[in-house]
Amino acid sequence: MSCCAPGTEGSLDMAGATLALPSAEELMLASRDLGDGLYQLDLSVPGVHCGTCISAVEQALMALSPVSKARVNLSTRRVSIVWQVPQDETAMDPVDLVRAIKRATGYDAHLLSAAEEAGDVMKAQLIRGVAVTGFAAANIMLLSVSVWSGAEASTRDLFHWISAMIAAPALVYGGRFFYRSAYAALKRGHTNMDVPIALAITLSYAVSLWETLHHGEHAWFDATVSLLFFLLIGRTLDHIMRDRARSAITGLARISPRGAMVVAADGSREYRPVEEVMPGDHIAIAAGDRVPVDGLVIEGESDLDLSIVSGESAPVAVGPGAAVQAGTVSLTGSLLLQATATARQSFLSEIIALMEAAEGGRAQYRRIADRAAQIYSPAVHLLAFLTFLGWGLFGGDWKQAMLIAIAVLIITCPCALGLAVPVVQVVAAGRLFQNGVMVKDGSAMERLAEIDTVVFDKTGTLTLGRPQLIDTVGTPTNIAMAAAMASRSRHPLSQAIYNAFAGPVPILGTVTELAGEGLSCDRPEGRYRLGSRAFACSGTVSTSDGGSEVVLSLDGLEIARFLAEDRPRPDAEAAIATLQQGGFETQVLSGDRRPVVAAMAARLGIDAFEAELSPGGKTQAIAALQGDGRRVLMVGDGINDAPALSAAHVSMAPATAADIGRQAADFVFMHDTLEAVPMAIRISAKAGRLIRENFALAIGYNIIAVPIAIAGYATPLIAAIAMSTSSLIVVANSLRLNHAARQAKVSLPEPDRRRPAALTAKVSPA
Amino acid sequence: MNMLIYLIPVALLLGGLGLGAFLWSLRNGQYDDLDGAAWRVLEDEDQPRG
């Protein structure tokens, strides 16, 4: 994608397979009514990445007369448009907005789904919570410092009252996230990290209030609020990381078709949402379209790209009577289909069902922080309770026993723990981002650190998924002729021939494409044919072994020959060698034919492989491995990999993967190189080690601080100092990852220009 | 001690002002597009956008 310079639209159209534009009805539905006939529409434009894109998109939209405001957000890659809906509906079609963007920059615009909005609301709430508790913590701390430095009794009481008044709203506003989560956990009979947090802040506030009422000396308002402040920072970081990755992933082009051109019995055509297509409907598919629902071909012939469905790299020719599956792309011809299933029952939906069934294993994974909390919170509660009993029974003063027990609860509150895990994971995710890997959430990194087996899909994962020329035989004139013919076809082999050719090509008249065979063109000097050997030189049989052969013939005589092959990704061999050296077992699971898979596995030095697997077969293979006690990382891209991606302990997909594959994967890598896999494992392992170190630090801190608290010496001053220092130490330790990862940074080739700029964006230290 | 009566409200007010300014900027979308702002500063256009 060559930036947003004008004049590149043509080539973009060629490369970017035509995606169906959202329909006018869909766009109107997604718009918000602002009153006075004004509507606001938010579109996702994943392609924008520089200042020129911003002004190109905004100017193109502002040029449309009904548009009153257009603003691009480069961070989220969205454009927000406000426009006036005219009285007569005919004057302005919302699809024009999408077309204007496409025309100006060549980028596709997509509708946002409602789920994408929800994340933003939560993030804003959390940041506001941090701001409010931060304000409260700073002010209460100021007051507390003067109390600690020896304020008079009356001033102390006044300061305690002011603190109580500041703390109360902060506790409700900032604490609601923890109360809600703790309540949800308790309702299900679990306990999580939020239970001791909620308990500690509530009890400490209640006791401080009681102390204040009785002119007591020790109030814990500062501890309560600063605890909340630290923990909210941790929670917010965790959320921002997840949010960023999700928006980057969903922002990429969607692949499943939204609608279908339905042909009625009287020949009229209507574009309908894919959900409304019924079995028996006739659907027209143009060359380049994705098949929306499963169906039977009634008319027409074409080559279907099945790569995303079966993993098979070579297109398959179909004709009348053939069954086609949703998700495949018609490359060379137009088809008329009879739908045999609704969208819900189509192939894509079967995959979704398989994925849901496979989710089980991953859902059982409990995050390190939660597992720690499972041991930690009962221990803490028991300790506080025993302290209470001990002081009550032996000291006789139950009020003092209560105060000391609460001091124990506050001191042991998992402040450092709540901050330790998110900070490490945010720093690690930032590192991964800079190397072109996006991670969905922190738990994925924890799981990646545990794996021992790496399973790859072949087409699109180990290979780039598109054939490239490896051998060309012929005179320059004839090769130019072949390139000229190939430029007319979407067939991957034609594209390979055309892309490999640099230089002027002859101008041709009509080129006819015969699905499953090749191209032919009549010229004064004779009939040129480009295609399989059987088609170009009728009667002869292909002599090539492995790879795909394309022959150019003039009146049946061979004049040029091309050999293409789906090439492995750059560095695939090195990446696999690195993995094997690291003690990981590697395997290939593919839906492609056995000889092709065997050749690729041998070439990359992978011993174990399985071929001709169905999507269910892949899932079973993964399940079998995991049944043996292995922890599997699945790397795959196709729709057929999606269930296996869900079934694996942790999964990774290239950015070129099918939408559904990206959704299923925990990690998405943006560069062509497979080095991303060992690098992600390395950074995750390092992050896992740091998290354990932080736990050790936090436990060490508790070993020192808890006896002090149990002995009854923990004043609010000591609690404040202990809590802040332990948090700072843990954060400082986490930031070491930044340093370590920079040293270990993999050397990437020349940055890929297609890589969206957001991926290099730093994760702000908030 | 009498000065506390006005100094504390002043301190809280100033802090509250800062908090208010932050919340306002958050709601106003000042942090929505940090990457875009870096590019927009380079734009030459004079006419303000609606």
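The values are calculated or read from the model by the stated rules, or taken from the named source; none is laboratory data. Note that this is a predicted model, so its numbers are computed, not measured. Because the Cβ atoms are built from the backbone with ideal geometry, glycine has one as well, and the counts that use them run over all protein chains shown. Areas reflect the complete protein model, heavy atoms only, side chains present, ligands, DNA and RNA absent. Shrake-Rupley method; radii C 1.70, N 1.55, O 1.52, S 1.80 Å.
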Of the residues that make up region A:210-217, is at least one more than 20 Å from A:Ala714 (Cβ to Cβ), open to solvent by 10 Å² or more (accessible area, probe 1.4 Å) and modelled with pLDDT under 90?
yes
Could you figure out which of (1) within 13 Å of chain B (Cβ to nearest Cβ); (2) within 27 Å of A:Gln400 (Cβ to Cβ); (3) open to solvent by 50 Å² or more (accessible area, probe 1.4 Å) isn't true of A:Ala206?
(1)
Restrict the check to region A:267-287 and report whether at least one residue is at pLDDT 85 or above, among the charged types (D, E, K, R) and in a loop (DSSP other than H, G, I, E, B).
yes
Log entry, pairs with first residue in region A:596-615 being of a type outside the set (Ser, Thr, Tyr), second being modelled with pLDDT of 85 or more and open to solvent by 40 Å² or more (accessible area, probe 1.4 Å), beta carbons closer than 6 Å, six or more apart or on different chains, reads A:Val597/A:Phe609; A:Ala601/A:Phe609; A:Leu604/A:Glu573
Flagged in region A:567-599 as within 30 Å of A:Met485 (Cα to Cα), open to solvent by less than 20 Å² (accessible area, probe 1.4 Å) and in contact with a strand residue (DSSP E or B) (Cβ under 7 Å, 6 or more places away or on another chain), in numbering order, are A:Arg569
Within the set of pairs 6 or more residues apart or between chains, which connect a residue that is more than 7 Å from every other protein chain (Cβ to nearest Cβ) inside region B:24-44 to a residue that is open to solvent by 90 Å² or more (accessible area, probe 1.4 Å) and assigned to a loop (DSSP other than H, G, I, E, B) with Cβ atoms less than 9 Å apart?
B:Trp24/B:Gln30; B:Ser25/B:Tyr31; B:Ala37/B:Gln30
Restricting attention to region B:1-10, the residues that are open to solvent by less than 60 Å² (accessible area, probe 1.4 Å) and either more than 7 Å from chain A (Cβ to nearest Cβ) or at pLDDT below 85 (or both) number exactly 1
A:Gly629: passes all of (1) among the small types (Gly, Ala, Ser); (2) without any contact (Cβ under 8 Å) to a residue 24 or more places away in the chain; (3) within 18 Å of A:Thr459 (Cβ to Cβ) but (3)
Please report, ordered by residue number, the strands (runs of 3 or more DSSP E) entirely within region A:3-82 with at least 2 residues that are buried (at least 16 other Cβ atoms within 10 Å of the Cβ) and at pLDDT 65 or above.
A:38-44, A:67-73
Breaking point among (1) free of Cβ contacts under 8 Å to residues at least 40 places away in the same chain; (2) under 30 Å from A:Gly216 (Cα atoms); (3) open to solvent by less than 60 Å² (accessible area, probe 1.4 Å), for A:Ala184:
(2)
State whether one or more residues within region A:206-229 are part of a helix (DSSP H, G or I) and within 19 Å of A:Ala373 (Cβ to Cβ).
yes
Keeping to region A:394-447, report how many residues are assigned to a helix (DSSP H, G or I) and more than 25 Å from A:Arg682 (Cα to Cα).
18
Within region A:187-203, take every residue that is under 30 Å from A:Val147 (Cα atoms) and open to solvent by 30 Å² or more (accessible area, probe 1.4 Å) and give me the one that is nearest to the other protein chains (Cβ to nearest Cβ).
A:Thr202
